Amino acid sequence: MKNTSVIASLLRRPAIVLLVLLFIFFGILAQPYFLNTLNIHNLLRQTSFDVPLALALMIVLIVGGIDLSVGSVLSMASALTISFQSRGVYTGVLVALLFGAAVGAVNGLLVTKGGVVPFIATLGTMTLIKGIMLFYTKQQSIPGTNEAFTFWGNGSLGFFPVPFIAVLILAVLIYCFLKFTRAGRNFYSVGGNSDCAYLAGIHVDKTKLAAFIMSGILASFSGVLLASRLNSSTVQIGQDSNLWAIAAAIIGGASMTGGKGQVLTTFIAVISLGILTNGMNLMRVLTYYQIGIRALVLITIVVLDAVFISNEGRRKKGTL
């Protein structure tokens, strides 16, 4: 019974298990490069740009939805940040964040007022934004004009990269919101059982709308950080971000059925996936093998999560 309890406890935190296993695996097989200080520094920088996206998906999954538009929002926000630099860096950042909030509001209204399934609603906005992005950029890269702006993507404070510090602060703020505010706790209630949440006096539609707006803003924040890192914007940015963010959110403990999600484990999941990519690159694993390996990791985590949920349900019913 004790062994079963330990396994069940580990299954609740697959991100931590994955982090430890990957760290040991690449620490042995990818030496002396993997544990090199410079490599760890670069790893923290690279994973920083994925954290806001993963947190965006986590928040939407908590309320029982999904957001496929985050990659497109990231891309468009990056383009807006760079193209509005001529009017001031802060103007570009503000325009990008407002764009993300607007897209999130549209997604939320389609789901709550329009009755559209989140998958279809966000698939539609994803496609629409891609078209707008191609028209806006004329399929050309947009170069930045303010070198000082690159500090937020390329700078460091001591050992730690500036973008890592920025997303760490962001993660703490989101944790506090979900943990200590009534509005944050309502997210879990709505995702766990929207009917019960409604009967308890929670405004379900407003809660879902708020989650989608937060998702849009977080996706835009990723776009701003990437724009700062590259000091340019291209149409290729954010192409694979949707799957990557969903994978990190699920590995971090979020559930497609809603009501679950933790900031810390989602943050760890992003770092774990970053280690996986970094380690495979150091070992010179071919790109198409990397895609397959990442897919296998995600499928394994999802299957284990489904088995755990099934066993928990049977245990509660007394059939196990």
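Rule-based calculations on the coordinates, nothing more; no lab input. A quick note: this is a predicted structure, and the numbers were derived from the prediction, not measured. Don't worry about glycine lacking a Cβ; one is built from the backbone with ideal geometry, like all the others, and counts go over all protein chains shown.
Worth a mention:
- Restraint check, 138/208; 206/260; 130/260, Cα-Cα greater than 26 Å: 138/208; 130/260
- Seen from residue 294, the other residues with C-beta closer than 15 Å to its C-beta sum to a net charge of -2, counting Lys and Arg as +1 and Asp and Glu as -1.
- The Cα atoms of the stretch 4-133 cover 48, 44, 22 Å along the three principal axes, with the biggest extent listed first.
- Applying both filters, DSSP loop and at most 12 other Cβ atoms within 10 Å, to the chymotrypsin sites (Phe, Trp or Tyr not before Pro) of the stretch 138-237 gives 159.
- Tail beyond 23 Å, pair distance distribution of the stretch 98-256 (Cα, percent): 48
- Sequence-separation-based contact order of the chain, relative, with Cα cut under 8 Å and 6+ spacing, percent: 34
- Over the chain, DSSP H runs of length four or greater, each weighted -39,500 (n - 2.57), average out per residue to a 222 nm ellipticity of -24500 deg cm²/dmol.
- Whole-Å distance, taken between Cα centres, linking the stretch 240-301 and the stretch 78-112: 27
- Span-rule helices in the chain, defined as complete DSSP H runs reaching 18 Å or more along the axis (Cα) with Kyte mean at least 0.5: 14-29, 70-83, 89-112, 118-137, 162-180, 204-230, 263-282, 287-317
- Intensity falloff of the chain expressed as log10 I(q)/I(0), Debye formula with alpha-carbon point scatterers, at q = 0.12, 0.13, 0.15 Å⁻¹: -0.84, -0.98, -1.27
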